[in-house]
Every structure is written in C-alpha cells, then in structure tokens.
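Have a look at the structure below before the remarks.
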Amino acid sequence: MSSPVEHKLPQRSGTVSSGFTRRTSFSDDEAIPDTDSSETSNLLIERLRAWKHMCGNLEEYVSTTAKLSKSQSKDHEKILKTVSQPLKEAHHFSQSEGGMAGLFNNMRNNSQGMVNMYLETEKNLTATVLPTLERLHKEIKNKSKELKTGAAKGAKAVDKARQVTQKHIELLGQHAASHDSAMSTKIEQAHDPYLLRRQIRHRLNKQVTEENNHRQDILTVQNSFQQFEAHVLQTVQAALEQFHQIMGGQLDRQRAMYADVLGAAQRIPPDFEWINFCVSNDAKLVNPDSPPRDFANITFPNQDHRSTKALLEGSLERRSRAVIKGYSSGYYVLTPAGYLHEFKDDDDFRRDPSPEMSLYLPDCIVGAIDGVKFTVKGKDISSNVVGNAFHTNTEFNFKASTPMNAEKWWSVIKDSTRAAPAAAAAAAVPAASTHTSPVTSNGSPETSAPTEKAVEAAKDAQSPGADVKTPGATKPLSRVTSSGSYFTGPTGSATEKSEKS
C-alpha cells in the first residue's frame, strides 16, 4: 500500500494576527464601552462545542463501523448515514477540501464503496480506536467547563464595575444640568459636579483595571486554543491511523479507501482550522496586537463642564482647633458651585477624593485679610464631620505662602460669598414694586428707585450734622473689614467704626 501524498505547507506564525484581517475596537475612548464582556468567551465555548460534536461524530462513525463489520455490504449504508449530515456548528470549520469539512466529505465518498467487514474488526475497533476518541471527547468537555467557570467570573466583575461607573456618570449629568438651569438652587455637597467628576475618575480607574485583567485572561485562553486544537487534530489523526491499521487486513479496496480517509486527515495542518476560524471571526476575537486600554485617552460626558473646573485650587495652611498643633497644610479647591473643599492631596487614584472639610461660601462670612492670613466663618458640612447638622459656625484661620497669594484667595472667596445671597435678595423683591435693577461693573446689582421711606430718610440726611449719602451709591470692596454686614445688615455705627479703623 502506498502512503498518502504529503504536501508541504507554508509556515505560519504561532498566533494569527494581521492588520488586514483584524479590527481594533473603536470604543477604547468611551467610559462604558458598547461591547459584551463575555462575547469572546462565548464564541470560544461555542467553538469547543463544535469540536466536541466533531469528536462525537467520529466516535459514532467508528462504533457503527465496528457493529456493522459482521454484516454484508448492504449494511454499510448505515455507516454512510453516520457521516451524511454536516458537522454541527459547521460554520466554525473551513469548507475547503483541506480542513475538517473536506475530511468528512472524503469519508462520505469512501463509505459508498465499503464491502464486507470481518467479525474480528469489530473487536479491534472497540478496543483501540474508540477509547482514544472518548478520552479526547472528555478533554474537550473539561476545557469547555474550565472556560465557562473562569470567563463568567471575570465578566461579572467587569459588568459590576461598569454599572458603578455608569451610575456616577448619570449623576454627574443630572447635577451638571441642574447647575446650569435658570432656577439654580444650592447643590448638595455630595453632589458637587467637581466631586462627582473626581469620583468617576476613581471608579473608572477600577473599571479599566477589571477590564484589562479580564481581557488578559481571555487572551491567554484564546492563545492556548491553537495548541489545544493541534492536539485535537493529532489525536484524531492517531485514532484514524489505528483505524487504518485495523482495517488493513481487509480487501485491498477497503484498505485503499481507509488510506484515503487517513491521508485526508493527515493533510490538515495543526493550525489550518484555527487560521480560517480567526479570519472569519476577526471582529469578535481579541486582537493580541492591540494595546490595553489607556486611562489617559478615556473621556466621559461632562468631564469638561464648566461646573467641574475649579475657580481656584492650591495649597493653603489652616490653623487647627488645638492651639498646640498650629497650622497644617492641605489642598484646597474653590468650585463654581460655591464650595471651598479641603483635601489631603490632589491624587484621585490612591483614595476616593472625599473632602476633609467643606464650606458653602454663600452661607459664610469672610473676615479681614492680614498679610498672609485671613479668616472664614462658617459651618463645615463635609461628611467627615459627625453630626454636622448640629454644629454651629466656626471661624477657620487660613495662611497662604505669600501676601499676593493670600489676597488672590481672599478675593475669589469674597466673590463667592456674595453670589447666592444677591440672587436670593433679587428674587425676594415683588415684581410689581420696582423694575429690574441693572448690574454694575463690579458684578453687584445697582440700587433700584428709592421708595417713600428712602426719600424721607434722604431728607433727614440733609439736616445739619448728618452724613450725606447718595441714593443708590455702593461702597467699594474693603479688604480690611469683615463681610458680616453683607449678610446681617449693616448698622451705621459699626460700619463707620470698622472703616475708620
């Protein structure tokens, strides 16, 4: 008997990858990628199922051949029946003559010419070939079970991390829109868009870590498939070789037909099916040449919204309530929502950026500036303060690095304390009493037309000894007096004394 003709095949690399056949995902810059974390693992599980059914077909083929060995040629049609149906999940195999589909076509053709089988053939087939295929069938089942268990755990971790990130992104969108609305109200400290943005970055960093870990696990499994499928093919080839040796004692025609079946199997390169599978499923498989996700390239909605950008941030020193400790340094941020937050540092990744102290400036009073020092009196509403709902106002003493830096902080904080009360005062004026007051160049509303009481007060002011005050005139911002009069209503004596001093 002549051996099957061997065709020399071109050498291929261990891992199939090509810029023309593989596509990189376009969702790498999205915070929540529009992809299924278990898509690749499900595809590989389905492929293992196809190999398992292929192995089952071979087992059935050999078993039926053994049973029908004692029958005459008319019974060999039952053998043909075992391979007459296409392979299950046939789309996973190449339909060319050089793959598994071509092998089964060859087996169908040669089964047509099978003749009488000897009784001894049944005993040899069931004792040698079938156990080999059964062991291979069990190996494929075990690999499928391992892949299901490992992939499901990683996919759940990714989905959970994405849900947490999505929840905070939606929360940022809600409160960023609330900040821009015409009926803007006080935003809760926990919902400050600046804080939400930093918290999204924290959770997004965890999500990307889970995604990359899961991707690496799936990629490791995917890369092992080529070696595993080579083992499957080699085992099938070995089983068919045993099958050929058993049937070699039969008539020359039978021997030639089985040799042809063996030759068709041996001509399949170990990576032939895997290469064709990768080419036809390049969009679903993980591209080993694509880099892992880069946190720096990821964007999410409203990350550059103006309410998330700090008005002023940097290092300041604050005096502790315990006099012995003196001043301690911290990272302070003044947000467009009107909050002054204190953090330990500016790192969003090492820990969740929760403020050590938070002051809602429209409810605070800014004291005088003295060189590099200034004070703010208000209530700490951060979540770090236990029972802060019952705390009274506290005077916080700050110190900057230079007088110029101190004046910069003092001015911006001063402006922030005046924004919300001015809007509240304008809303409290009845619409029918006065017209809308224009805005002065420094941002404060001009005084509306004087009422009857204001006219009488002006007349009294014209009496001898009285101070002359122009209706509607406003005093310039003083850097040496407290902003307490802005909230509590100035008294003539107190204001004059503070200005003279």
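Every read-out reported here was derived from the displayed coordinates using simple, explicitly stated rules and does not represent laboratory data. A quick note: this is a predicted structure, and the numbers were derived from the prediction, not measured. No Cβ is skipped: glycine too gets one built from the backbone with ideal geometry, and neighbour counts run over all protein chains shown.
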Inset, instruction - Would you calculate the volume per residue, in Å³, of the smallest convex hull containing every Cα atom of segment 47-203? - result: 163
Inset, instruction - Order the peptides 281-288, 211-218, 356-363, 345-352 from the highest to the lowest mean number of other Cβ atoms within 10 Å of their residues. - result: 356-363, 211-218, 281-288, 345-352
Inset, instruction - Kindly write out, for segment 140-148 in residue order, the coupling ³J(HN,Hα) from the Karplus curve 6.51 cos²θ - 1.76 cosθ + 1.60 (θ = phi - 60°), rounded to whole Hz, with x marking Gly and Pro. - result: 5, 4, 5, 5, 5, 5, 5, 5, 4
Inset, instruction - Give the shape of segment 77-138 as rounded, prolate or oblate, defined through the alpha-carbon gyration tensor: a ≥ b ≥ c are the square roots of its eigenvalues, a/c under 1.5 means rounded, and otherwise the shape is prolate if a/b is larger than b/c and oblate if not. - result: oblate
Inset, instruction - Go ahead and collect, in residue order, the members of segment 258-279 whose backbone nitrogen is under 16 Å from a label point 7 Å along the Cα-Cβ direction of H231. - result: 270-271
Legend entry - D (Stokes-Einstein, µm²/s), Kirkwood Cα radius, segment 55-97, 0.692 mPa s at 37 °C: 284
Legend entry - Net charge of neighbours whose Cβ lies under 13 Å from the Cβ of N223, counting Lys and Arg as +1 and Asp and Glu as -1: -3
Legend entry - Theoretical FRET efficiency, 1/(1+(r/R0)^6), r = Cβ-Cβ of F349 and K138, R0 51 Å, to 0.05: 0.65
Inset, instruction - Describe numerically, in nm with one decimal, the distance between label points set 7 Å from Cα along Cα→Cβ at D415 and at K325. - result: 3.2
Inset, instruction - Would you please give the FRET efficiency between K379 and D282, computed as 1/(1 + (r/R0)^6) with r the Cβ-Cβ distance and R0 = 51 Å, to the nearest 0.05? - result: 0.25
Legend entry - Gained length - N297 relative to L311, 0.36 nm times residue gap less alpha-carbon distance: 2.6 nm
Inset, instruction - Work out the FRET efficiency for K123 and A256 from their Cβ-Cβ distance, taking R0 = 22 Å, and round it to the nearest 0.05. - result: 0.45
